[in-house]
1. Please give, to one decimal in nm, the separation of the simple spin-label points placed at B:Thr157 and B:Met119, each 7 Å out from Cα toward the Cβ.
2. What does the net charge come to around A:Pro298 if you take all other residues with beta carbon closer than 10 Å to its beta carbon, with K and R at +1 and D and E at -1?
3. If each DSSP helix of 4+ residues adds -39,500 (n - 2.57) and the sum is divided by the residues in chain B, what number results at 222 nm, nearest 500 deg cm²/dmol?
4. How far is it, in nm, from the label point at A:Phe258 to the one at A:Val23 when both lie 7 Å from their Cα along the line to the Cβ?
5. Taking θ as phi - 60°, what are the ³J(HN,Hα) couplings along segment B:139-147 by the Karplus curve (6.51, -1.76, 1.60), each to the nearest whole Hz, with x for Gly and Pro?
6. Over segment B:39-104, what relative contact order in percent results from Cα pairs under 8 Å that are six or more residues apart?
7. From Cα pairs below 8 angstrom and at least 6 apart in sequence, can you work out the relative contact order of segment B:113-263, rounded to a whole percent?
8. Show the residues, 5+ positions off or on another chain, whose built amide H is closer than 5 Å to the amide H of B:Met188.
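Just so it is clear, none of the values below were taken in a lab; they were calculated from the coordinates. Every value quoted in this text rests on a predicted model; they were computed, and no experiment measured them. Here the Cβ is made from the backbone with ideal geometry for all residues, glycine too, and neighbour counts use every protein chain on show.
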Amino acid sequence: MTRDLAGDRQQLLRYAGLALVAVALIALPFALVQVGTAWVRITNLAILYALLALGLNIVVGFAGLLDLGYIAFYGVGAYVWALLASPHFNLHLPFWVILPIGALAACFFGVLLGAPTLKLRGDYLAIVTLGFGEIVRIFLNNLSRPVNITNGPQGIARIDPVRIGDLDFSTTSQVAGLAFSSPIKYYYLLLVFLLLVIVINMRLKDSRIGRAWEAIREDEIAARAMGINTTSLKLLAFAMGASFGGIAGGMFASMQSFISPESFVLVESVMVLSMVVLGGMGNIWGVILGAILLTFVPELLRYTVEPLQKAAFGRMIIEPEVIRMLLFGLALVLMMLFRPAGILPKSVRKRELSTIAK
Amino acid sequence: MDIFLQQIINGLTLGCVYAVVALGYTMVYGIIQLINFAHGEVVMIGAMVAFSVIMALAKSGLPPIVVVLIGTAVAVPACMLVAYLMERIAYKPLRGAPRLAPLITAIGISIILQHVAMMIWGRSPMAFPQIIKPHTYEIGGALITSVQIAIILISFTLMGGLLLLVYRTKLGVAMRATSQRQDIAGLMGIDVNRVISATFVIGAALAAVAGVMIGTYYGQTQYTMGELLGLKAFCAAVLGGIGNLAGAVLGGILMGLVEALGTGYIGDLTNNWFGSNYRDVFAFIVLILVLVFRPSGLLGERVGDRA
């Protein structure tokens, strides 16, 4: 009896906590607007990266396949959106038509890359995925002639914003005395996507598929001996990771209203990988934390380091962009050396890495 | 077919540089099964250091050849030091860790080196001071410059030297023993850690020379040059069979030829649908084809397929 009561109370506390987090998340953009609209945009970017990192987490964290060309899928998603909703081809398909097409296109590329390469061992796979990412970028850069598909290095501009019914995400609307500006609207949309992806990730992790991925990651031969179809499951990981990347890419294109191959370079892949590694491979909350940290810390540095350097030396010694990149590099090296399981390690991963196998 | 011959000459020159860089990848991979992702950045640092020295000495009145030699002589130990520190700090503590761990640190090191180089030498490309006036010779309707001849000769000398080192010296025996069974090599009295460090340092010395060569050939260097060059050289090492020295040489030269001929003829072959702007794609397509159809490479032994 008393135990039930205690259980109820705990349950209640948990709901209260969740409600508190929900209220905080809903109120966040309005608090940020007080500091500056730029911070809402940065928060949106953080959520976008969290989406990407969660997608990559399926491939790297769950299935243990190091993918260094992940940004290619993001690029495919973004370009699908840009081509289907911009003056470039004079197509203006609605939001709910493009999104699945983008996800499917990215998924197709994921399978295309995965099918011939999945029998390779881990480090080879990493290089092949990297090469694949480069190939996609080179094609995006050059498919402007003889038929202009991607418009080359100039990229595609004036991409349609998201429109759901009469709700246009590029304008400010007044609701109940509150100004919902474009970034704030996107914030809520991205938040919904993030919640969806989190739920999918959580359900996947404990599902039959998730456990099979874990088995493959731990020992592929043993997993196969247990009757797991390793090839199709690895392919599934690639395809799912790629589709999440494609969705994030579509959101990116509509939010920025301009994309060019510049946004889909190798460094971006490495950045998303850093987020996954920093937070803790395989741990959903860790990965989100990694994405938030690696988006916000460089921005904070931008706002502090610049004036600081100007005050101290009278000019910029180290550009913030360089600091950002150094931070990513250091995050990768230091995390691997001192806390290979990440800031928030996944319990299994912790066990696995603490006993270094000979 | 003077265009054909011309492409062969260009491809051979480029291929020699790839081969020298690929040797560094393949040596390290052979001995500790690590893809030293940052090797391309060592090439870049070699080129940068050498260029800085050459620029400083450009107006000293010394003969151009001597200036370039001094530049190389400074770049080689600098790269060796970078590689030594890199191995000590980022790779050694992770020996025995899951395979992906050192690969991830290698990526991190590569980014750090790239951006430190950017801070030191700036964002824009550095032009090679025009102190050498290359002679141009004509053979069979194609042109070859003295720089190209020098690159090919130096590359083959380096490759020969490395083969002598690995197959004729005590260090070479130790390296080969370590690559076969590290623990047994240790029991035989080989200082395994020193041998591994030596492998990195020798690879870096080759990389430094390769950096000077490619910089001189293209007439400029930039902090990003190591990325693509390193990747292509790695593809070359895989093509030849990673871990195999002769394979790296063969793979490098083939890769150079494929790139030159592919770039030269892709326009004609595809009715100008694709042009020479696709030159960087060839290496990766070769890589994917090799890994799918012959993962052990042209000369490689079968490697285990477990990560």
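1. 3.7
2. Numbers: positive: A:Arg302, A:Arg324; negative: A:Glu299, A:Glu321.
Around A:Pro298, the surrounding residues sum to 0.
3. Numbers: 11 runs with 216 residues, N = 307.
So the helix-based figure for chain B works out to -24000 deg cm²/dmol.
4. Each label point is offset 7 Å from its Cα along the Cβ direction, giving 4.2 nm.
5. The phi angles translate into 10, x, x, 10, 9, 9, 8, 5, 5 Hz.
6. Values: 38 pairs, mean separation 21.9, N = 66.
Contact order relative to length: 33 percent.
7. Working: 100 pairs, mean separation 36.8, N = 151.
For segment B:113-263, the relative contact order is 24 percent.
8. Amide H neighbours of B:Met188: none.
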